[in-house]
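Okay, so here's the structure we're looking at.
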Amino acid sequence: MPDISSIPRLVILVGPTCTGKTDAAVRIAGEVGGEIISADSMQVYRYMDIGTAKPDRMQRSAVPHHGLDLVDPDEPFNASLFVGEADRIIDRLHARQVPAFVVGGTGLYIKALLGGLLDGPGADEALRAHYRKEAAVHGKAYLHEQLQEKDPQAAAAIDPRDAARVIRALEVFDLTGVSIVERQKAHRFNRQRYACFKIGLTMERDALFERIDRRTDRMMAAGFVDEVQSLLEQGYAPELKAMQSLGYRQIVGYLQGLYSLDEAVRLIKRDTRHYAKRQMTWFKADKVIQWVSGGDIDFIGREIREFLGRPELPASGH
RNA sequence: GGGCCGGUAGCUCAGUCGGUAGAGCAUCGGACUGAAAAUCCGAGUGUCGGCAGUUCAAUUCUGCCCUGGCCCA
């Protein structure tokens, strides 16, 4: 067992999209000499900057960022790869005694970073493609029937309509002969991999939805359509996971002539609100998170400095 | 001025041969272990435009009024 004091301490900053996580993190990390590890499943893709609200040049030069632009939009990326990447960065920062700020809205990535993932096989794209095809031909129910025969325990736990989870369960069983449910029971995210202090940024829902609308308008003004057009011209297909993400999917629909640009913007705003709500549900379930109003950056900074064991900075006087 | 068609959930609408109503979207709640900005589950939130009449009972039938659209003057 390692000495408890040698375990890296992480500042975790989470919350729904558009609550100001990046701004708060840049400011506070800048003040304490920390560096930022993005925990965002879409900001890992190169060339996807506007639609993912990636930190800009100024922010990235003010505070070093990690976890951005790791792969091309047609390359695989997932929670496991995130954990591997984040572990490497945390090691380096820890060796330099630099505070690490893990900042992002992808709840699973953070949960996996802190608690590990279950002991099981990685993604097998060929196998998944096979099952996806079967679902397309015979329907989702057919996949669930197969799961019922192979792994009744998992079949009972997973809704037949939730194809993504049915396929993952089939994948784990096919590759190991063991039920994913057994692996989950054995795991339960209870590996204490890091010491951490979790802060959640919140905001009145009406205010957050208003901010989402305004940010979407800013993305459009910043050339979001051009960005998507450029991705398509580079050969990145609309079917790619990255291109199915929030915003990109809707702009592709517009470029394909399925609906007007106004309609695409309306859909992006609507779907971003839905996404923010899903994030709230996810993070609400984590009872360890200390919730703070998104506007109260001073308070957040004080809490973080206390956690890091650093003295208060002198009052700045303005 | 006359005629016709509408007014039902936040929106678009369905429906009740008289027994106080339901779809989609929005909204709200939830799940989530290598796709997670993905994937999926649950919930109707309502003076049925207003007032009167007929009736045991009216959102439904009748009358008047208000209101939107179209047509004729």
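In what order, largest first, do A:91, A:174 sit by accessible area if the probe radius is 1.4 Å? Spell out each step's value before the answer.
Working: A:91 95, A:174 65 Å².
Final ranking, largest accessible area leading: A:91, A:174.
Largest first, the three principal axis extents of the alpha carbons in the stretch A:1-136 are 54, 44, 23 Å in whole numbers.
Quick one: with all protein chains in place, what share of the accessible area of the stretch A:142-186 is carbon or sulfur, to the nearest percent (1.4 Å probe)?
On the way: 1210 of 2370 Å².
Heavy-atom surface of the stretch A:142-186 belonging to carbon and sulfur, 1.4 Å probe: 51 percent.
When A:21, A:277 are compared by accessible area of protein heavy atoms, the largest-first order is A:277, A:21, using a 1.4 Å probe. Entry comment: accessible area of chain A is 52 Å² per residue, from protein heavy atoms only and a probe of 1.4 Å.
Straight-distance candidates among the lysines for linking to residue A:198, with alpha-carbon spacing under 24 Å and chain neighbours fewer than 8 residues away dropped: A:21, A:54, A:111, A:277, A:284, A:287.
The phi-based Karplus calculation (6.51 cos²θ - 1.76 cosθ + 1.60; θ = phi - 60°) puts the 3J(HN,Hα) values of the stretch A:248-256 at 4, 4, 6, 5, 4, x, 5, 5, 7 Hz, whole numbers, x for Gly and Pro.
Amide H contacts under 5 Å for residue A:291: A:200, restricted to partners 5 or more places along the chain or on a different chain, H placed in the peptide plane at 1.01 Å from N. Dipole size of chain A about its Cα centre, with +1 on Lys/Arg Cβ and -1 on Asp/Glu Cβ: approximately 720 debye, rounded to the nearest 20.
Ordering A:222, A:264, A:28 by Cα displacement along the dipole of chain A toward the positive end leaves A:28 in first place; charges were set at the Cβ atoms of Lys, Arg (+1) and Asp, Glu (-1).
Partners of residue A:185 within straight-line reach, counting aspartates and glutamates whose Cα lies under 13 Å from its Cα and excluding those fewer than 8 residues away in the same chain: A:119. Put the Cα centre of the stretch A:124-155 next to the Cα centre of the stretch A:193-266 and the gap is 31 Å. Charges were assigned to the Cβ only: +1 to each Lys and Arg, -1 to each Asp and Glu. The resulting dipole of the stretch A:114-176 about its Cα centre is roughly 240 debye. Couplings 3J(HN,Hα) of the stretch A:39-55, computed from phi: 10, 9, 5, 10, 6, 6, 8, 5, 6, 10, 10, 5, x, 9, 6, 5, x Hz, in residue order, whole Hz [Karplus 6.51 cos²θ - 1.76 cosθ + 1.60, θ = phi - 60°; x for Gly and Pro]. Projecting the Cα atoms of A:234, A:309, A:122 onto the charge dipole of chain A, computed from C-beta unit charges around the Cα centre, puts A:309 farthest toward the positive end.
The values are calculated or read from the model by the stated rules, or taken from the named source; none is laboratory data. Because the structure is predicted, anything quoted here is derived from the model rather than measured. Because the Cβ atoms are built from the backbone with ideal geometry, glycine has one as well, and the counts that use them run over all protein chains shown. Just so you know, the surface numbers come from the protein's heavy atoms only, side chains and all, with ligands and any DNA or RNA stripped out. Shrake-Rupley method; radii C 1.70, N 1.55, O 1.52, S 1.80 Å.
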